[in-house]
Every structure is written in structure tokens, then in C-alpha cells.
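Participant: For reference, the structure I am asking about is given below.
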Amino acid sequence: MPLHLLVAYYVVDHAFVNNKKLAKMDDKKFWMHFVWVVLVFLAFTFDVFLSNPLGILILILSIGLTVTLDMGRKRLSNELIEIIAFFLLLFLTLLGRSFLIESFVTVEFSWYLMGMLLTTVGVTYFLRGRIIKEEATDSIGIAERMSIFIFILANQWTWVIISVAAGLAFRAVFSKEKKTEWIISPVAGVLISYLWQLLMRGILG
């Protein structure tokens, strides 16, 4: 099962943008965001979707859906938008499955990227407005959890410990966030990364 369209969506609306601010974008920023949406979806699918009419249709629908949902954030709750996006893009992924399994972005790599996104910006999404400030970038936490994810997926547990220690040391010097986040971030990073590794082994072999 490829995850290309879901990966593209989470890169677009989570990885390089504060998801909570999408509903507050002015027209100029929204059009810049629209260009970003097109480029990212093309990056993950151009080699297989652009060579087939059905693929082109799925690509257009995916881009249109993402842009429409981002416009809808001004009226609907962020949580509802995320649920709708997940299921509709999963459906479109299933429609384009036969193409996506032939992509230069392999199925395994799409799962790897999805796990990394869940571990990094996924955790930030749930912490933002609760443990960390809503306008916070969480760059320290994201970098920390990315390192943890990479090393756990490579079974390099010594480096996982080093990453956690380095993250704590860096926070002690530079971070002004709540101490609760110092604990939640690495714990979430380790748990999600390990569980994702098990999931990948179970599904992809």
C-alpha cells in the first residue's frame, strides 16, 4: 500500500508550515501556498501520474482537495479538516495504487517518510496549543524526534540515547518551553518510532 498522496499532504500542510496558522493566511500567502501544494504533489507523483489520464485526474483531485480544505479551515475546525483530508486522500491513493507502486519513490520509502512525519510534525500538531505555544515552531523538538526516528529505524540505539541526551542538553541552554515538553518530546519520539518500525516490518516484511 503506497502512501505518496498522504505524505505529500502532510509535507504541504504540516512539515514546512505552522498548521494552526493556515486558517489565518491572507490572499497573497494563500496563493504562494497553492504553488507549494502543486509542487509538492508533483514531486511525489509526477513520474507515474503525468503519463496517464487517470493519474492526471487523481493528481488534479488531490491538489484541488488540499486547496479546498485549506480554504475551509476558516469555517471548519482544524481537527475535522484533518480527518476529512486523511480519508479522502487515502481513497485517492487507493485509486492510484497501481501507478504509485511503480514510482521512483518506493512504497517502503513512502512508509518511512510517513513515519518520520508522524514522529516529527505529527507530535508537534498535538502539542501545539496544549504543551507548547500555538505560534511556536517547535524546531528543537522536531529535530530531536527526527534524529530519534532515523536512528531507531536503523537499529542504532546508542545513537538514540545520544540524541535524547543532546536534545535535553540543548533545551537546558536554549529552550524557554515548559519542562513538560522536554520529557514528552523524546518519549513520544521513541515510542512512535519503535511502533512504526514494528508496523513496517509487519506490513511490508
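Participant: Does SER98 qualify as being in the same structural domain as LEU127 (by the TED database) and of a type outside the set (A, V, I, L, M)?
Facilitator: Numbers: in the same structural domain as LEU127 (by the TED database): no; of a type outside the set (A, V, I, L, M): yes.
Against the criterion (in the same structural domain as LEU127 (by the TED database) and of a type outside the set (A, V, I, L, M)), SER98 does not qualify.
Participant: Kindly indicate which of LYS74, LYS28 is loosely packed, with under 13 Cβ neighbours inside 10 Å and touching a residue at least 24 places away in the same chain (Cβ under 8 Å). Before you say what the answer is, go through the steps one by one.
Facilitator: Numbers: LYS28 fails: touching a residue at least 24 places away in the same chain (Cβ under 8 Å).
LYS74 is the lone residue from the list that is loosely packed, with under 13 Cβ neighbours inside 10 Å and touching a residue at least 24 places away in the same chain (Cβ under 8 Å).
Participant: Looking at the stretch 1-9, is at least one residue hydroxyl-bearing (Ser, Thr, Tyr) and either open to solvent by 20 Å² or more (accessible area, probe 1.4 Å) or over 15 Å from the mean Cα position of the chain (by Cα) (or both)?
Facilitator: Within the stretch 1-9 (the criterion being hydroxyl-bearing (Ser, Thr, Tyr) and either open to solvent by 20 Å² or more (accessible area, probe 1.4 Å) or over 15 Å from the mean Cα position of the chain (by Cα) (or both)), the answer is no, since none of the residues qualifies.
Participant: Sticking with this structure for a sec: Could you please find all residues in the stretch 141-192 being outside any helix (DSSP H, G or I) and in contact with a strand residue (DSSP E or B) (Cβ under 7 Å, 6 or more places away or on another chain)?
Facilitator: Taking the stretch 141-192 first, the residues outside any helix (DSSP H, G or I) are 154-156, 175-178.
Answer for the stretch 141-192, where residues must be outside any helix (DSSP H, G or I) and in contact with a strand residue (DSSP E or B) (Cβ under 7 Å, 6 or more places away or on another chain): just GLU177.
Participant: Another question about this same structure. Looking for something part of a loop (DSSP other than H, G, I, E, B) and either farther than 30 Å from SER193 by Cα or not aliphatic (A, V, I, L, M) (or both) - is there at least one such residue anywhere in the stretch 57-72?
Facilitator: The answer is no; no qualifying residue exists.
Participant: Please state which one of ILE142, ILE150, ILE132 is at pLDDT below 85 and surrounded by 15 or more Cβ atoms within 10 Å (Cβ to Cβ).
Facilitator: On inspection, the qualifying residue turns out to be ILE132.
The values are calculated or read from the model by the stated rules, or taken from the named source; none is laboratory data. Bear in mind that the values here come from a model prediction, so they are computed numbers and not experimental data. All Cβ positions, even for glycine, are placed from backbone atoms using ideal geometry, and neighbour counts span all protein chains on display. Keep in mind that these areas ignore ligands, DNA and RNA; they rest on the heavy atoms of the full protein, side chains included. Shrake-Rupley method; radii C 1.70, N 1.55, O 1.52, S 1.80 Å.
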